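Comments concern the structure below.
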Amino acid sequence: MKKIAMSLAAVLILHTMVNAQQEIALYTTVPNAKPADNLEQSETGADGITRINSVSVPTITVYRPAKALRNGPAVIICPGGGYAILAVSHEGVQVAKAFNEWGVTAFVLKYRLPDDRIMEDKSIGPLQDAERAVQWVREHAKEYQVDPRKVGIMGFSAGGHLAATLSTHYAETLISNPKKISLRPDFSVLVYPVISFTDSLMHRGSRDRLIGKSPSAEMIRKYSNELQVNKKTPPAFLVHAKDDKGVPWQNSQHYYEALRVHKIAAQVFYYEKGGHGFGMNNKTSELKWMDVLKNWMKKQHFL
């Protein structure tokens, strides 16, 4: 098996051009990493969903709108998968292409999945990659015609937990940042998100994988993002189905209520049905949450 090369060579290998989409390694040297075999695998199931597991070399893939449509906003998309896999098709690529139609430049983040084999501290690995993604987009804002004041983070399920964690922990700088670039997203979009690690609201698999099966009360509180909201937390748009059996809809409600307590602009959109993992298209309803999101982004002057 190939060894993970924490070097410029890895960047050059991973920097590819496919149909005008660039997949770019986030780091020249991956922080918080142990030398290990690269076990990453990608598989497309009978349901048409492409899932990636064992991510150890994080990347960002750029999806640019047509030149005539570009209007400045950017969104970094974190696919979900319980911190075990990344559902990169319907919670990544398809969403990026929809944003492109609005003139938004989209970046699909392939973040490291928590794994003691490849990380010194698995609890911070995904957050490091989300921080680096925001930093990278702002560093390259001029190149990609992005407004550095309109850089949002979006996440589905456990990717929503990551997006909410960055939105509440951005001041905890876990990567090298000599230029003091702001790691705070300007807005967040959280789709059936894991928000809380409290016993009553958690998604067990996500919590176990990120902070272990016997976490301390301190770690549970730290990664229960509804408890970490403050007046500088970015505005948020949330989506959830009330019959979600995987991640209780109250995750979104508690985060929304915390934002409102701090007078932060927020909107939550609920479906009565739809379960978990529906991506952009909830087949139980004619209402498209992406249309509601577009209107919200316009009202918040992000579009």
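The values are calculated or read from the model by the stated rules, or taken from the named source; none is laboratory data. Since we're looking at a predicted model, the values are computed, not measured. Neighbour counts run over all protein chains shown; Cβ positions are idealised from the backbone, glycine included.
Assorted remarks:
- Residue count for region 119-154 under the criterion of being under 22 Å from Val191 (Cα atoms) and in contact with a Lys or Arg (Cβ under 7 Å, 6 or more places away or on another chain): the result is 4.
- The single condition among (1) surrounded by fewer than 22 Cβ atoms within 10 Å (Cβ to Cβ); (2) farther than 23 Å from Gly279 by Cα that Ser89 does not satisfy is (2).
- Restricting attention to region 227-243 and to residues that are surrounded by fewer than 22 Cβ atoms within 10 Å (Cβ to Cβ) and closer than 15 Å to Val191 by Cα, the residue that is nearest to the chain's Cα centre (by Cα) turns out to be Pro235.
- Subset of region 178-193 [under 20 Å from the mean Cα position of the chain (by Cα), part of a loop (DSSP other than H, G, I, E, B) and either over 18 Å from Ala163 (Cβ atoms) or in contact (Cβ under 8 Å) with a residue 60 or more places away in the chain (or both)]: Ile181, Pro185, Asp186, Tyr192, Pro193
- In a residue-by-residue description of region 206-217, the property of being out of contact with any helix residue (DSSP H, G or I) (no Cβ under 6 Å at 6 or more places or on another chain), touching a residue at least 12 places away in the same chain (Cβ under 8 Å), of a type in the set (Gly, Ala, Ser) and under 28 Å from Asn281 (Cα atoms) applies to no position.
- Qualifying residue in region 159-170 (condition: of a type in the set (Gly, Ala, Ser) and surrounded by fewer than 24 Cβ atoms within 10 Å (Cβ to Cβ)): no
- In the set (1) crowded, with 17+ Cβ neighbours inside 10 Å; (2) under 20 Å from the mean Cα position of the chain (by Cα), Tyr271 fails one condition alone, (2).
- Applying the condition of being touching a Phe, Trp or Tyr at 6+ places or on another chain (Cβ under 6 Å) and not aromatic (Phe, Trp, Tyr) to region 272-303 and asking which residue is nearest to Phe156 (Cα to Cα) yields His276.
- Leu174 being under 17 Å from the mean Cα position of the chain (by Cα), in contact (Cβ under 8 Å) with a residue 12 or more places away in the chain, assigned to a helix (DSSP H, G or I) and farther than 30 Å from Glu286 by Cβ: no
- Verdict on Asp116 being acidic (Asp, Glu), surrounded by fewer than 24 Cβ atoms within 10 Å (Cβ to Cβ) and under 28 Å from Asp244 (Cβ atoms): no
- Residues in region 199-220 that are modelled with pLDDT of 95 or more, closer than 22 Å to Met119 by Cα and assigned to a helix (DSSP H, G or I): Ser206, Arg207, Asp208, Arg209, Leu210, Ile211, Glu218, Met219, Ile220.
- When Ala25, Ala66 are checked against the criterion of being farther than 19 Å from Ser188 by Cα, aliphatic (A, V, I, L, M), surrounded by fewer than 18 Cβ atoms within 10 Å (Cβ to Cβ) and free of Cβ contacts under 8 Å to residues at least 60 places away in the same chain, Ala66 stands alone in meeting it.
- For region 131-141, the criterion of a residue being surrounded by fewer than 24 Cβ atoms within 10 Å (Cβ to Cβ) and among the aromatic types (Phe, Trp, Tyr) is satisfied by at least one position.
- Lone qualifier among Gly152, Gly82 - being in a loop (DSSP other than H, G, I, E, B) and of a type outside the set (Ser, Thr, Tyr): Gly82
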